Amino acid sequence: MDSQPILWVIPFAGIAAIAFAMYLAWDVLRADTGTDAMRDIAGTIFEGAVAFIRRQYQTIGILAIGGTVVIGLVITLVEGQDVAETDIYGLDLGIRTGLAFLVGAACSMAAGIIGMYISVKANVRTAAAAQHSLVRAVQVAMRGGAVSGFLVVALSLLGVYGIFAAFGGFTNPEDAPFLIVGFGFGASFVALFAQLGGGIYTKAADVGADLVGKVEAGIPEDDPRNAAVVADLVGDNVGDCAGRGADLFESTAAENIGAMILGVAVWRIATELGWPNPEAWIFFPLVVRAFGLLATIVAMFFVRGREDENPMNILNRGYWVTTLLSVFALAFVTWQMMQTVGITGSNGIPAWIWFFGAGVVGLATSVAFVFITQYYTAGSFRPVREIAEASKTGPATNIISGTAVGFETTAVTAITIAIALFASYFLGEQALSAVPDIEAGIGGIFGTAVATMGMLMTTAYILAMDTFGPITDNAGGIAQFSKADAKAREITDRLDAVGNTTKALTKGYAIASASLAAFLLFSAYIDKVNLILERQIESGLREAGTLLESVDLANVNVFIAALLGAMLVYFFSSLAIRAVGTAAQAIIVEVRRQFREMPGIMDYTQRPDYARVVDITTRAALKEMILPGTVAVATPIMVGLLLGHEAVAGMLMVGTISGVMLATVLNNGGGAWDNAKKYIESGELKDDDGNVLGKGSDAHAAAVVGDTVGDPFKDTAGPSLHVLVKLLATISLVLAPLFIR
């Protein structure tokens, strides 16, 4: 094929992002590391984080190698010529799929390690910068987060591009997307265990530290007398950084591959009608993401402000620049790559303009979710204040109010996703409405793919904002632990509050992208199944008219699979939350023991045994992550084997819908509980006489209980559901031939 010059932007953007990340890392690492006390606690956090990541990824690595062998063997034995969607099948396909799975898993592991490593280097430098300047502290933390953001997204872009090229993407672009689905499965497989293990670790440590330290011992957060405080600070890195890095890596990779599969249908139309560069429809997702990376590089230079400015405004400035530049880039890419010579869209409007509109819908959806999440999790709005007010009457009313807020968030979430899907589908249909004899839905489904890719353009900046959260959280802990001056602690407290919001925003963004991607990946699964069925019909192995045109919920097998899909979401969440509770109990027992047997801890004459708590947390997290991860992987495979390919489609539909709604409840409910506690700690809550109900009050104790309930919701089960939703689709894509009956 004759490659368009615009395709060179893919490797260029990936390499440029890596180079820029190296520059940011250099800028962060040359910053002041603060006092000896700061360096001492930062070193302890680093050691704990590295020890956990090493043990976790050794476990995940063994599972991934086993998965590679099993998938390669299954594909080799099952996907013969009669159930192949391309001319590559049997041993050749088994080797390619196994290799793609292993490369995807390795890249996902690297993404998690990168996310963790830079954060444990940036935390002490942020704390040191806070001794002198708020703006510099914001820049250090944000640049530390951006190193992770750029490297993770660049790794995803170059990984998909590289394996696509290696598997014949430039010679047979219509076949290659189906050959690389193992890459997305490998990424999802690792991300699930990374998010589970990190989430269990961070929240078990957090719950243990809060309940014994704040509620029972009455000491402040991150107080050095709390034996669980180092494990808590380590958890910020292994959960919020490493786990989220792997999460967003698999999101971008899996969604990219799904969009490329959907592009094959338009490629066929373009080839038949003689449109220029028909392969552009397959390469479009890679190109548009490359421009998103370049837009984010420019936006990083706008992260600046005044010392008296709200730090959130400084970060938002960069986000808006990223979004606006992405709009212009999206217009350019659609104009360049979506030329339909001889055919115009509805009302004589060029097709590329309709698809550009679909991409803008995706970007607008991400912006909408930023505001939705802010409304439900920031202390300046009604939901968080409502929970804080409920805390006046005790933990029970706090939990009732927080649960209600979590359920309430599903309404605006579902409506926003529905509008985005409807609008992008409609715009896609209008774009290709004049194509003669076009199969129903091709334009609309590709329109939803364009919307998803539009949303993913800002992923690098969103991930930078997410990693900003744990970096500033750690910086606050280091400042408290090292007894830094009041100015530094005041600045780190302000940054920590902003960091809580940015972490919540990222979860909102992740669930929005998962929602659009779920429809995209579901459509890709249907396309792959029908491609196999068409080849069987052509070869006489199947009767004509048996394509999967729709999913019949009145079919008992489909209904059972759908029921099991909804069950999986809740059962998986139960296992994840219970794992946090089990691990937290072990930590609570140990911290209580140390307070009881080492009375000198309270007057600083004895040093708590931090290492023992870190070790307990590590062992518990690694043990507890196996069962929910195994259930998530095994369930769709068993459903497909027992009930068939149409039943799997039903499971995907209902499992996705249930997963998105439950993740919304867990993410936003947990975030609202957390910030209700912060709202009280900041002195905003007052009684009827105007007296401040702050730290140490009964209302604060009630809010701490609510926060600990919400911790495994928002940082373990909720984020893991983002991965589960996409894992269901990637497993189904890879193993679809196994389910054909």
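How would you rank Glu597, Glu221, going from fewest to most other Cβ atoms within 10 Å of each one's own Cβ? Walk me through the numbers on the way to the answer.
On the way: Glu597 9, Glu221 22.
So the residues, fewest neighbours to most, are Glu597, Glu221.
Can you give me the relative contact order of segment 233-356 as a percent, contacts being Cα pairs under 8 Å and 6 or more apart? Before the final figure, lay out each step's value.
Working: 92 pairs, mean separation 26.7, N = 124.
Relative contact order of segment 233-356: 22 percent.
Quantify how much of the Cα-Cα distance distribution of segment 657-741 extends past 22 Å, in percent. Don't skip to the end; give the middle numbers.
Details: 1692 of 3570 pairs.
For segment 657-741, the fraction of Cα-Cα distances above 22 Å is 47 percent.
Give me the Debye-computed log₁₀ of I(q)/I(0) at q = 0.17 Å⁻¹ for segment 238-313, equal point scatterers on Cα only, no solvent, two decimals.
For segment 238-313 at q = 0.17 Å⁻¹, log10 I(q)/I(0) is -0.84.
Please list, or write none, the aspartates and glutamates whose alpha carbon is within less than 12 Å of the alpha carbon of Lys714, excluding same-chain residues fewer than 8 places away.
Reachable aspartates and glutamates: Asp240, Asp674.
By how many degrees, between 0 and 90 and to the nearest 10, does the Cα long axis of helix 36-78 differ from the longest principal axis of the chain?
Value to nearest ten degrees: 30.
Angle, helix 645-681 long axis vs. longest principal axis of the chain, Cα atoms, 0 to 90°, nearest 10?
20 degrees
What value in Å³ per residue do you get for the convex hull of the alpha-carbon atoms in segment 625-697?
Details: hull volume 8.7 nm³, N = 73.
Cα convex hull per residue, to the nearest whole number: 119 Å³.
Ignoring everything except DSSP H segments at least 4 long, calculate the 222 nm mean residue ellipticity for the chain; use -39,500 (n - 2.57) per segment, divide by total residues, nearest 500.
Working: 22 runs with 567 residues, N = 741.
The per-residue figure over the chain is -27000 deg cm²/dmol.
Please report the spacing between the Cα centers of segment 423-459 and segment 695-710 in Å, no decimals.
47 Å
Rounded, prolate or oblate: which fits segment 295-411, taking a ≥ b ≥ c as square roots of the Cα gyration tensor eigenvalues, rounded meaning a/c under 1.5, else prolate when a/b beats b/c? Mind dumping the intermediate values first?
Working: a/c = 5.46, a/b = 1.85, b/c = 2.95.
Oblate shape, in that a/c is at least 1.5 and b/c is the bigger or equal ratio.
In a solvent-free Debye calculation with one equal scatterer on each Cα, what is log10 I(q)/I(0) for segment 8-71 at q = 0.16, 0.19, 0.23, 0.29 Å⁻¹, listed in the order of the q values?
-0.88, -0.91, -0.91, -1.05
Give the order of Ser682, Ser720 when sorted by the count of other beta carbons within 10 angstrom, beginning with the fewest. Don't jump to the answer; show the numbers that get you there.
Values: Ser682 16, Ser720 34.
Least crowded to most crowded, the residues run Ser682, Ser720.
Taking the beta-carbon count within 10 Å as an exposure proxy, list Val190, Val70 from fewest neighbours to most. Let's see the in-between values first.
Values: Val190 30, Val70 12.
Exposure proxy ranking, most exposed first: Val70, Val190.
For the chain, what is the relative contact order in percent, using Cα pairs closer than 8 Å and at least 6 residues apart in sequence? The partial results should precede the final answer.
Working: 1432 pairs, mean separation 154.3, N = 741.
Answer for the chain is 21 percent.
For the chain, find the longest principal axis of its Cα atoms and tell me its angle to the long axis of helix 134-166, 0 to 90°, nearest 10.
Its long axis makes an angle of about 30 degrees.
When only Cα pairs under 8 Å and 6 or more residues apart are kept, what is the percent relative contact order across segment 391-455?
Numbers: 34 pairs, mean separation 17.5, N = 65.
Averaging sequence separation for qualifying contacts and normalising by length gives 27 percent for segment 391-455.
Could you list, bin by bin from short to long, the percent of Cα-Cα pairs of segment 550-604 in 10 Å steps?
20, 22, 18, 15, 12, 8, 6
Starting from one equal scatterer on each C-alpha and no solvent at all, send me the Debye-based log10 I(q)/I(0) for the chain at q = 0.11 Å⁻¹, two decimals.
-1.10
Could you grab the Rg to Rh ratio for segment 174-321? Cα atoms only, Kirkwood for Rh. Working shown, then result.
Numbers: Rg = 22.7 Å, Rh = 19.3 Å.
My calculation of the ratio gives 1.18.
Assign unit charges at the C-beta atoms only (+1 for Lys and Arg, -1 for Asp and Glu), then state the dipole size of the chain relative to its Cα centre in Debye, rounded to the nearest 20. Walk me through the intermediate numbers first.
On the way: 45 positive and 65 negative charges, 243 e Å.
The calculated dipole for the chain is roughly 1160 debye.
No value in this document is a laboratory result; all are computed from the given coordinates. Just so it is clear, the structure is predicted and the values come from calculations on it, not from any experiment. Please note: Cβ atoms are built from the backbone with ideal geometry, for glycine as well, and neighbour counts cover all protein chains shown.
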